[in-house]
Amino acid sequence: MSTGRDRVLARIRRALADAPEAPEPTRSYATTHTSDDPAAVLDLLHENLADYRAVVHRTTEDDIALLLMRLLAERGSQSVLVPPQLPPHWLSAADPTRIHDRAVLTPADLDQVASVVTGCALAIAETGTIVLDGGPDQGRRRLTLVPDHHICVVRAPSQVVASLPQAMPRLDPTRPLTWISGPSATSDIELDRVEGVHGPRTLEVVLLTES
Amino acid sequence: MSAPTARTSYKNGANSTYLGMPSFPRAAHAAVRDTTLRANLKHATHTIRDKRAKAVAELGDWADLREAGKQIKDHTLRHLDRYLLQLEEAVTAAGGTVHWAADADEANRIVTDLVKATGEREVVKVKSMATQEIGLNEALEAEGIAAYETDLAELIVQLGEDRPSHILVPAIHRNRGEIREIFTLTMSAWGRPAPDDLTDRPADLAEAARLHLREKFLRAKVGISGANFMVAETGTLVVVESEGNGRMCLTLPETLISVVGIEKVVPTWRDLEVFLQTLPRSSTAERMNPYTSTWTGTTDGDGPRAFHLVLLDNGRTDVLADEVGRQTLRCIRCSACLNVCPVYERAGGHAYGSVYPGPIGAILTPQLRGTASELDASLPFASSLCGACYEVCPVAIDIPEVLVHLREKVADQGGKGHRLEKAAMKASGWVLNHPAALATAERAASLTRKAHPRRLPGAAAWTNTRDLPELPAAPFRDWWKRNRTS
């Protein structure tokens, strides 16, 4: 037991000695602001992702390999980072050299890789957010941070929810989570939004419609 | 560590103490005569104000979210000891180490010892109000450890040997031309120089910062952060950011040290669904900020191998003990109150003499530090009580109520309080020449305040300047309500 701990706790208890009871919060806010129609939710996700300058594409299982080949070619990427269990057929047509993540790769090594392709854990339509949880088709957090180009595949409708209250119970807080809403940005110069600072400056989101 | 001085520098001692800072009326008087500063502030605050109103209007249940946020915070604060102990247990179970710091010196010593134990001489930092409050960078520097700020605005402030003037955008008082000059003059002394042909386009300035900081991120072994929220039931910490510098500092180093005020705890994971809706919209007027990171202790093979959480009191329990003032601890540091404040807009952030400027600073600083100094005693008078700050607050802190409460306390101190009131009346010559404005302030106060002051708030405006537009005859909050969505 540190003395700091005891002092802080004693001060808190002294400060609250006469405080009135504060009841459990009431939650009268909405659980969603969107209709339940999966197509409408997906359209809203698309719209909000694009509004924050993510580049959005739609495809199917049959066409995803060709789409990813084209996106990497248009970018001119020579190399692409691959998380441990990315579905193999996604990159089956792609040209760039695959770099499979290994623990020995340093941040400086990752800085030499042009692009990264991942899946995700969840997408939230109302805020235009994709959430990564380090699952096997995403890998550790640094993979989607150091390269300048991130392609993220979202399975629709199974990975798409409308709102934050719908998202929270589906996420596991014991895993490290990264919530991404558009490419990195700053408002630090005259409160004017500029896309692209330290994270990937180009974010492409592929909405993969499940059959 | 020192760097060349940019055009305007604000060297006078440690960031945390603002030694020799003039009291608010004198500092505000100087600031309103600086036309560049005023133009920068006016442009920035008006831009964000309109955007925020639009972002909030998108949610039909905003009032319910605001009420839930208020109640979650009130409930947590009422049982703060219990939730902190639950948090400590969860963080420890997840592989983290929890430290408790009663004051700034204790927190600085804990962090300094942790950094020294790694053998490293430099750290990368995520923007953190708590570490600014305790003057951590200076404490580390005194032990020979260089602390690099990585938020773009913090970088501008650090390179310019300047002081933060806004909670969210600490360099809000700088325009693009000034930022270009700071980068060109100072980056080379700290690491990678700015490009020779650097322009003042915001995109080019951001690119210069990206290049300058990347070498520091890639080699960093120790990261230091704050946190926006801590979840008691799971031991999860949350950092909300935009640029990706936070992700860099939270995931690339081997050791992560987070210094967090004890009031940042919330009971449950679910509670985040409220604050992650209200914070980004109030703060940057976005549906969601670009990046939010959450982590629970350490994770094998992903991110830092060692995680230390330093829980900081540093006066917060004094705030908690005040039955009117304790609502201040609900603050989630969104800075919406700064952006709508007519006094902040004209006086600027530096006049408040603290890392917490604007309306929230005017009530937080005197409670954290007490009102023994002339500056701190003057802060509760740095307001016209117009109530716009309360209207926009996403956790419904009644800032005018607390201001009036603190004015009473200062006045009750005796001679000093009396002198301050006289000084306030003198400095506010403008308001005395504009009786309608004074009446407006008093009327706004009388309309809305639960606790009525024993004497009328004497000093309504501190911005003694001739080109200040006349306040309308209607209470400011009514005027503001009518105009905010336009």
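Brief remarks follow.
- Note on A:Thr97 and B:Glu254: their simple-model spin labels are 2.8 nm apart, each label 7 Å out from Cα toward Cβ.
- A simple spin-label model places the labels of B:Asp200 and B:Thr184 1.0 nm from each other, with each point 7 Å out along Cα-to-Cβ.
- At an R0 of 35 angstrom, the distance between the Cβ atoms of A:Asp18 and B:Ala57 translates into a FRET efficiency of 0.30.
- Between the residues B:Gly160, B:Leu406, A:Thr209, the greatest Cα displacement towards the positive end of the dipole of the protein assembly as shown, with unit charges on the Cβ of Lys, Arg, Asp and Glu, is found for B:Leu406.
- Shown for B:Ile167, A:Ile180: other C-beta atoms within 10 Å of each C-beta, ranked fewest to most, produce the order B:Ile167, A:Ile180.
- By the rule of a second cysteine Cβ within less than 4.7 angstrom, the protein assembly as shown holds isolated cysteines at A:Cys120, A:Cys152, B:Cys249, B:Cys331, B:Cys334, B:Cys341, B:Cys386, B:Cys393.
- Segment B:308-351-segment A:145-211 distance, computed between alpha-carbon centres (Å): 30
- J(HN,Hα) series, segment B:230-240, from Karplus relation 6.51 cos²θ - 1.76 cosθ + 1.60, nearest Hz, glycine and proline x: 10, 9, 5, 5, 10, x, 8, 9, 10, 10, 9
- Mean separation of Cα contacts under 8 Å, 6 or more apart, over the residue count of segment B:80-312: relative contact order %: 28
- For A:Glu74, B:Glu408, B:Glu88, the sequence from fewest to most other C-beta atoms within 10 Å is A:Glu74, B:Glu408, B:Glu88.
- Label-reachable residues, segment B:321-363, where backbone N falls under 14 Å from a point 7 Å from B:Glu408's Cα toward its Cβ: B:322-326
- Rounded to the nearest whole angstrom, the semi-axes of the ellipsoid equivalent to segment A:35-209, taken from the Cα gyration tensor as √(5λ), stand at 24, 19, 17, largest first.
- Other protein chain C-beta atoms within 10 Å of residue C-beta, averaged over B:203-212: 4.
- DSSP beta bridges confined to the protein assembly as shown are antiparallel in about 30 percent of cases.
- Our summary of shape: the Cα atoms of segment B:255-339 have principal axis extents of 47, 32, 24 Å, ordered from largest down, in whole angstrom.
- Based on C-alpha pairs under 8 angstrom that are at least 6 apart in sequence, segment B:224-378 has a relative contact order of 22 percent.
- Site pair A:Asp172 and A:Thr31 shows an inter-label distance of 2.4 nm when each label is modelled 7 Å from Cα along Cα→Cβ.
- Within 10 Å of the Cβ of each residue in B:277-289, the mean number of Cβ atoms contributed by other protein chains is 5.
- Residues B:Thr292, A:Thr3, A:Thr202 arranged by fewest to most Cβ contacts within 10 Å: A:Thr3, A:Thr202, B:Thr292
- Two-site FRET efficiency, A:Asp63 against B:Ala142, from Cβ-Cβ distance with R₀ of 45 Å, rounded to 0.05: 0.15
- Two numbers describe the Cα atoms of the protein assembly as shown: Rg and Dmax, which are 24.8, 81 Å.
- Given charges at beta-carbon only (K, R positive; D, E negative), |dipole| of the protein assembly as shown in Debye: 1980
- In order along segment B:286-295, the Karplus-derived 3J(HN,Hα) couplings, from 6.51 cos²θ - 1.76 cosθ + 1.60 at θ = phi - 60°, round to 10, 4, 7, 5, x, 10, 10, 10, 10, 8 Hz, and Gly and Pro are given as x.
The numbers here are math on the coordinates, done by the rules we state, and not lab data. Here the structure is a predicted model, which is why all the values come from computation and not from measurement. FYI the Cβ positions are ideal-geometry reconstructions off the backbone, even for glycines, and counts take in every protein chain you see.
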